1. Could you check Lys196 against (1) among the basic types (Lys, Arg); (2) within 23 Å of Gly232 (Cβ to Cβ); (3) more than 18 Å from the chain's Cα centre (by Cα) and say which number it fails?
2. So which residues in the range 150-201 are polar (S, T, N, Q) and touching a Lys or Arg at 6+ places or on another chain (Cβ under 9 Å)?
3. Go through (1) in contact (Cβ under 8 Å) with a residue 24 or more places away in the chain; (2) farther than 30 Å from Met288 by Cβ for Phe12 and report which single condition fails.
4. Where in the range 4-99 are there helices (runs of 4 or more DSSP H), lying fully within it, with 2 or more residues that are modelled with pLDDT of 80 or more and more than 19 Å from the chain's Cα centre (by Cα)?
5. List the helices (runs of 4 or more DSSP H) that sit entirely inside the range 120-234 and contain at least 1 residues that are in contact (Cβ under 8 Å) with a residue 40 or more places away in the chain and acidic (Asp, Glu).
6. Name the one entry in Val277, Val302 that is in contact with a Ser or Thr (Cβ under 9 Å, 6 or more places away or on another chain) and part of a helix (DSSP H, G or I).
7. Within the range 312-332, which residues are over 28 Å from the mean Cα position of the chain (by Cα) and among the β-branched types (Val, Ile, Thr)?
8. Quick check on Lys134: is it touching a Pro at 6+ places or on another chain (Cβ under 8 Å), under 26 Å from Val76 (Cα atoms) and either surrounded by fewer than 24 Cβ atoms within 10 Å (Cβ to Cβ) or at pLDDT 90 or above (or both)?
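The values are calculated or read from the model by the stated rules, or taken from the named source; none is laboratory data. Just so it is clear, the model here is predicted, and its values are computed rather than measured. Note that each Cβ is placed from the backbone with ideal geometry, even for glycine, and that neighbours are counted across all protein chains shown.
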Amino acid sequence: MLSSIFLLSIIFIALIFEFINGFHDTANVVATPIATRSLSPFQAILIAAIFNFIGAYFSTGVAKTITSGLFDAHFVTHLLLVSALLSAIGWNLITWWLGIPSSSSHALIGSLLGAVLISDNGIHAIKWSSLIDKVIIPMVLSPIIAFVLAFLIMLILSFFLNRSTAPRRNNNFIRELQVLSASLLAFSHGSNDAQKTMAIITLALFSFGILNTASIIPHWVIILCSIAMAAGTLAGGMRIIRTLSSRLTKLKPANGFSAEISSGALILAASHFGLPVSTTQAASGSIMGAGFSSSGINWSVVRSMVSAWILTLPITAIISALIYKMFLIFVI
């Protein structure tokens with residue numbers, strides 16, 4: 001009975017994280033159509049919620065990477081999972097309050113790694129080569145690739161727009177296209193980010209002996225995580241939305257479309273290969289690339305964002321390790 005209550009508590013905390021992930025990362029999806037006035041904040045958030053929900057069914061490759069590709073699942077305990085979730089939730093709330101678009105994905109992965117490392121023989125549980133290949137390298141490359149893709153798409157659009165005799169009509173047409181590109185980005189966000197919490201709940205079920213393997217994600221887990229992320233997305237996240245939609249760079253419809261297409265395509269490709277990339281980094285890199293050639297970039301905002309990206313993994317790992325150690329001292 002007590003173990004069942006503890007398991008339900010872990011699932012509940014995991015869904016809270018997914019809800020916070022939804023409103024924390026809403027800005028990545030809706031900032032550009034709001035900035036270009038293609039959609040109202042309510043319309044953009046509603047579209048994001050719907051396509052986040054649909055995208056969560058796209059694949060489970062990212063979830064499988066976290067459950068079995070980064071560390072040995074046999075080292076994962078219920079206290080370790082709670083520690084990781086509390087650390088990731090805390091970091092998300094801090095960065096949301098400060099209006100800094102940090103990565104929920106890296107907060108969760110850093111928290112898991114910190115708790116695993118502090119556990120008995122935990123250093124041997126981590127698959128270091130896989131961690132480097134599937135987390136560290138994509139973390140560094142994804143905003144750079146997103147920047148370049150958005151910059152190139154923007155150059156191509158500018159080439160045609162500058163030769164147009166009806167710029168206002170073209171801008172209105174691109175605003176309409178932004179509904180599709182924002183939907184693509186929301187779909188890709190759901191296909192990647194929702195899977196991290198699916199992995200946590202699956203690991204919890206495995207650690208309690210309910211599942212024989214951590215590599216198969218139960219269907220009901222997919223449904224619960226999809227609903228939690230969509231609900232969180234509907235809750236908004238206007239602090240970070242303001243940072244990305246107005247403080248980072250000035251966006252016109254062509255900029256917004258370029259940013260959404262490039263980041264959406266990049267995240268979908270990462271989901272296909274099971275790479276837990278950061279939607280925040282991809283979207284931010286794309287916005288910078290799309291705005292670089294036309295309106296310039298607010299580099300002071302960029303510095304604060306990059307600082308948060310660099311600090312997320314080590315800080316969440318330390319916080320999670322401390323929480324786990326406190327559990328061992330006071331609970332056991």
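1. Of the numbered conditions (1) among the basic types (Lys, Arg); (2) within 23 Å of Gly232 (Cβ to Cβ); (3) more than 18 Å from the chain's Cα centre (by Cα), the odd one out for Lys196 is (3).
2. Asn171, Gln195
3. With respect to (1) in contact (Cβ under 8 Å) with a residue 24 or more places away in the chain; (2) farther than 30 Å from Met288 by Cβ, Phe12 is out only on (1).
4. Here the list reads 41-55, 78-98.
5. Result: 167-207.
6. Residue meeting the stated conditions: Val302.
7. Within the range 312-332, Ile329, Val331, Ile332 meet the criteria.
8. For Lys134, the condition - touching a Pro at 6+ places or on another chain (Cβ under 8 Å), under 26 Å from Val76 (Cα atoms) and either surrounded by fewer than 24 Cβ atoms within 10 Å (Cβ to Cβ) or at pLDDT 90 or above (or both) - is met.
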